[in-house]
Amino acid sequence: MNLFPWARFVPTKAAIKLHTLLDLRGPIPSFIQITDGLCHDVNALDLLVVEPGSFYVMDRAYVDFFRLHRLHQAGAYFVIRPKKDLRFLRYFSQPVDSDTGLCSDHIGRLGEFHSRKKFPDKLRLVRFYDSVQDRRLCFLTNHLLLPALTICQLYKMRWQAELFFKWIKQHLRIKRFYGNSMNAVKTQVWIAVCVYVLVAILKKELQLPQSLHSILQILSVSTFEKVPLYQLLTTTLPGNYKTDDCNQLMLWHL
């Protein structure tokens, strides 16, 4: 807190949050908001420019039925894990194939008065058993027509957001900050995100078989070479490419 007094979190620690909307067609972040650690995740929904027809896949931190209803009214769909104390009034059930792991598929409305006032329309509750990890999962969505198994598979795609943050932390190595001000920290994080986006776009546009990490390694040791990117990245075979860690571009490591 002495170094970053603007990043409020707890009395002895400072923190920032990187609220991210990941476009899974990339996967490329289409929205990012950097806040202090006390800002609740659900507030990021107020800043989204909603795309009608899109699916927004979120975890329990974004359960706010007033905000979810705004997504619904904008013509968008959501898949979210409800909180454990959810009260749901079932109108009817749809058949499911238990061999796929599906347990139930219910259409109904919210049972709690204040929640139903915020979201008065019909909702769908899908329950699924994950035999691999031996756990039961519950998904809430406003899309009433898709197959229940597709709803479960959509939520599984949320893991791409975790992989995005893992990649940023491991390969762009944000371990220390050059400055302590809000502007310095945000600038450093934004540069890291820009590097990720540029490498992801490069991989997609050139249809490269290498991983993002391999592409970043090649670029880091070829920064000052006057070679076209396509030639540089297509003539370098991933299996034969080797570089010492000391030669890699340490973007943020001091």
Under a crude label model (7 Å from the Cα following the beta-carbon direction), how far is ASP23 from PHE66 in nanometres?
3.1 nm
Once you have the Kirkwood Rh of the chain from its Cα pairs, apply Stokes-Einstein at 4 °C and 1.567 mPa s and quote D in µm²/s.
61 µm²/s
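Using a 1.4 angstrom probe with every protein chain in place, what is the largest-first accessible-area order of SER93, SER104?
SER93, SER104
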Please name whichever of SER98, VAL57, ALA15 sits farthest to the positive end of the charge dipole of region 10-107, dipole taken about the Cα centre and charges placed at Cβ: Lys and Arg +1, Asp and Glu -1.
ALA15
Accessible area (Å², 1.4 Å probe, nearest 10) - TYR129:
70 Å²
Let me check something: with ligands and nucleic acids excluded, how do TRP6, TRP159 order by accessible area (1.4 Å probe), largest to smallest?
TRP159, TRP6
Want the number for LEU198 to CYS103: 0.36 nm per residue separation, take away the alpha-carbon distance, what's left?
30.0 nm
At a 1.4 Å probe radius, carbon and sulfur cover how many percent of the accessible area of the chain?
55 percent
Where the centroid of each part is defined by its Cα atoms, how far is region 131-195 from region 47-62 in Å?
13 Å
Point-charge dipole on Cβ atoms (K/R +1, D/E -1) for region 125-195, about Cα centre, debye to 20:
300 debye
Tell me the per residue accessible area of the chain using a 1.4 Å probe; a whole number in Å² is fine.
61 Å²
Magnitude of the Cβ-charge dipole (Lys and Arg +1, Asp and Glu -1) of region 41-108 about the Cα centre, nearest 20 debye, reported as 300 debye
Quotient of Cα radius of gyration and Kirkwood radius for region 1-82, i.e. Rg/Rh, equals 1.05
Mind computing the radius of gyration and Dmax over the alpha-carbon atoms of region 42-122? Å is fine for both.
13.8, 41
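Ordering ARG60, ARG67 by how much accessible area each has at a 1.4 Å probe, largest first, what is the list?
Reading off the accessible areas and sorting them downward yields ARG60, ARG67.
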Per 5 Å bin, what is the whole-percent P(r) computed from every C-alpha pair distance within region 45-190?
2, 8, 16, 18, 17, 13, 9, 7, 6, 3, 1, 0
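The values are calculated or read from the model by the stated rules, or taken from the named source; none is laboratory data. None of these values were measured; they are calculated from a predicted model. For neighbour counting, all protein chains shown are included, and Cβ atoms are generated from backbone atoms with ideal geometry for every residue, glycine included. For the accessible areas, the whole protein counts, side chains as well, though only heavy atoms, and no ligand, DNA or RNA atoms are used. Shrake-Rupley method; radii C 1.70, N 1.55, O 1.52, S 1.80 Å.
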